[in-house]
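Let me begin by presenting the structure, written as structure tokens, before commenting on it.
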Amino acid sequence: MNEMWSNPVSVEAMYGDWGLGADEGEAGVDGDFEAAVEILARSLDPRPSKSIFDTIGALGIGAGDTVLDIGGRDGLHALAMAGRFGCRVVAVDPVEANVTRGLELIAHHEHGHLVEIRIGTIEQIPAEDGVYDAALSRDMLGHIADPAPAFAECLRVLRPGGAMVVHEVFATALLEPEEERRLCADIATYPERLSVAGFESDVQSAGFSIESLDLIGSEWSEASQESGAAPNYLLQVSRLRRARERLLEELGEVPYRVMYGNALWSIYQLIGKLESRVYVLRKP
């Protein structure tokens, strides 16, 4: 049931005249339903995930600045920042395969001379104190058991007054405890990291101030669906459920669970059980 209403819709109202038909000839449930479908087919112009770079740009980052990309995977985000802002970017990632791919990408990219990629974790960043003007952490804090040393390390490597841009997905009141438990188990995520209150308390305890919050909600997921950049996650879940034994054998347990969890992660954002947020944190 929609969380905004406690009273049920009556059969008469469901099949009555909604007043949405284009003309009198289309009045009634068929015309109204088609009109409603047309209304809902209109884009609400959701922001794409690359809008996070607008947040970084608003910090005034440019040539001469150095940005840390924490959990930078294969360096694609680092290359995007270098190309857009002309800044130097150092990406750190704990997965050797990601770093290997990143080194290959950087070697053949037009902005590769501005980017480095290194093995490192958020708890042990390979850098001296106060060397970065800004840091980006995107979709990786859920994998961290203890955020306290992680945020302390981020604070250490930022210069005084430096900023950290963090994107994470958090649970809303609509996410049931059992849904949260199953989801987190399949995608190597600590359930505690889905708490907004917990995150905000952790960063402030580490010494950061929260400068701004951009509540993305479902926008990035909507944009990826509208553009075709994302697969049909609902259809994936349906197939994973219906052909569970066959797909378990074909994929293996870990890929099966990760694909299932990843699909639900996006679906839950679209239906409001999870919400996407971008924070700007500031070091004193």
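Assess whether Ser201 counts as being at pLDDT 95 or above, over 19 Å from the mean Cα position of the chain (by Cα) and of a type outside the set (A, V, I, L, M). Yes; evaluated as a whole, the condition is true for this residue. The set of residues in the range 193-226 that are more than 19 Å from Leu264 (Cβ to Cβ) and charged (D, E, K, R) comprises Glu200, Asp202, Glu211, Asp214, Glu226. For the range 192-201, the set of residues classified as in a helix (DSSP H, G or I) and in contact with a strand residue (DSSP E or B) (Cβ under 8 Å, 6 or more places away or on another chain) consists of Arg193, Leu194, Val196, Phe199, Glu200, listed by residue number.
The residue list Glu253, Glu226, Glu245, Glu249 contains one member that is of a type in the set (Asp, Glu) and surrounded by 12 or more Cβ atoms within 10 Å (Cβ to Cβ), which is Glu226.
Conditions tested, residue by residue: (1) closer than 30 Å to Ile56 by Cβ; (2) out of contact with any strand residue (DSSP E or B) (no Cβ under 7 Å at 6 or more places or on another chain); (3) of a type in the set (Lys, Arg); (4) not in a helix (DSSP H, G or I).
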{"site": "Arg182", "(1), (2), (3), (4)": "no, yes, yes, no"}
{"site": "Ala188", "(1), (2), (3), (4)": "yes, yes, no, yes"}
{"site": "Val203", "(1), (2), (3), (4)": "yes, no, no, no"}
{"site": "Glu211", "(1), (2), (3), (4)": "yes, no, no, yes"}
{"site": "Gln225", "(1), (2), (3), (4)": "yes, yes, no, no"}
{"site": "Arg246", "(1), (2), (3), (4)": "no, yes, yes, no"}
{"site": "Arg257", "(1), (2), (3), (4)": "no, yes, yes, no"}
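Per-residue answers, yes or no, for (1) among the aliphatic types (A, V, I, L, M); (2) surrounded by fewer than 19 Cβ atoms within 10 Å (Cβ to Cβ):
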position: Ala148; (1), (2): yes, yes
position: Ala152; (1), (2): yes, yes
position: Leu155; (1), (2): yes, no
position: Leu158; (1), (2): yes, no
position: Ala171; (1), (2): yes, no
position: Pro177; (1), (2): no, yes
position: Arg182; (1), (2): no, yes
position: Phe199; (1), (2): no, no
position: Leu213; (1), (2): yes, yes
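The values are calculated or read from the model by the stated rules, or taken from the named source; none is laboratory data. Just so it is clear, the structure is predicted and the values come from calculations on it, not from any experiment. With ideal geometry, Cβ positions are generated from the backbone for all residues, glycine too; neighbour counts draw on all protein chains shown.
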